[in-house]
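S.K.: One structure is given below, represented as structure tokens, and several questions about it will come after.
The values are calculated or read from the model by the stated rules, or taken from the named source; none is laboratory data. Everything quoted here is computed from the prediction, not taken from an experiment. Every residue, glycine among them, receives a Cβ derived from its backbone with ideal geometry; neighbour counts consider all protein chains shown.
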Amino acid sequence: MQEFRADLHCHTTFSDGSLSPIQVIELAKQIGLSGLSITDHDSIEAYESAIPFAQANGLELIIGAEFSASFDKVSIHILAYSFPADHPDIQNFCHQHQLRRQNRNRAILAKLSECGIPITEEEVAACAESETIGRPHIAQAMMKKGYIDTIYEAFRKYLGEGRPCYVYGNEFSVQETIDIIHRAQGLAILAHPHLIKDATLVKKLLMLNFDGLEGYYGKLPLDQNSKWVEIAQRKGWIITGGSDFHGDVKPTVPLGCSWINEETFRRIQQHRK
Ligand code: AMP
Ligand code: FE
Ligand code: FE
Ligand code: ZN
């Protein structure tokens, strides 16, 4: 029997990934994954096609999403898992995020124009396949028009936090986000905590009522995982893991490069029962 591996963090064309939900599930099967969670940014639209396709192809799914939230104006990502896909609180929350993104994207485009990079909303929309549009799509539009050569360059020069065209997203607070996920019977997980550079902020976040943290991530070396695994174990938190696969948008990160075992998968899957 092949080892049970589940990748609990990946993106599709319903946010900023380059593969459709069906293509991601096909790829997951090809590389021998037994379980998957699609965690699009602020969206669960992928599940409409993903649920029946995964079922027909014998891949176990945990419903998920990755919500952007803010703590003291710093952007924090929170993974939500194992809530009912039709829960009105989550659906309403995703809708509010779409409206928030629309306003923010307009403000980013205004700043880009001031920097001599005129890009229209239509040009950005042409780079996205869903309503969940963000900076990676703006970066693609900039690349298409020849202003930059890579998506990384767009973030480094213009769109990244602290760069001239960065716009704070007016995100929901971390606590609001945790509360909504809990109201929807989901698990709230602090995503990729190693990416948060401010140690004081990490301490504050670890005091909140998360259910777990993402201890295994992308190509994070195993010796760096141990810190997060120990913290989670001390708290009795769930330790999740996944690749943060985005397809061509982040070509160096393959699906399945980080994963969790069956025991953790079942714990997350069955937490409501
Ligand atoms: P947004 O949700 O619009 O704030 O965009 C954030 C997304 O942009 C992240 O989830 C990543 O997929 C991507 N991203 C963030 N920083 C970078 C970077 N430096 N280079 C490339 N992609 C990035
Ligand atoms: Fe992303
Ligand atoms: Fe993230
Ligand atoms: Zn992600």
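S.K.: Would you point out which residue out of SER49, SER75 is among the polar types (S, T, N, Q) and within 15 Å of ligand 1 (Cβ to nearest atom)?
M.R.: After ruling out the rest, the residue left standing is SER75.
S.K.: Inside region 128-187, can you point out the residues that are over 21 Å from LYS250 (Cβ atoms), surrounded by 16 or more Cβ atoms within 10 Å (Cβ to Cβ) and not hydroxyl-bearing (Ser, Thr, Tyr)?
M.R.: Quick first cut of region 128-187, residues over 21 Å from LYS250 (Cβ atoms) only: 131, 145-146, 164, 167-168, 170-187.
Cutting the leftovers down to surrounded by 16 or more Cβ atoms within 10 Å (Cβ to Cβ) gives us 131, 167, 171-172, 174, 177-178, 180-182, 184, 186-187.
Selection gives GLU131, VAL167, GLU171, PHE172, VAL174, ILE178, ILE180, ILE181, HIS182, ALA184, GLY186, LEU187.
S.K.: Of (1) outside any loop (DSSP other than H, G, I, E, B); (2) closer than 30 Å to ARG106 by Cβ, GLY162 satisfies all except one. Which?
M.R.: Unmet condition: (1).
S.K.: With respect to the numbered conditions (1) away from ligand 2 (no atom under 16 Å from the Cβ); (2) assigned to a loop (DSSP other than H, G, I, E, B), which one is the sole condition not fulfilled by GLU230?
M.R.: It is condition (2) that GLU230 fails.
S.K.: From the residues in region 150-161 that are at pLDDT 95 or above and closer than 21 Å to THR120 by Cβ, which one is nearest to ligand 4 (Cβ to nearest atom)?
M.R.: This residue is PHE155.
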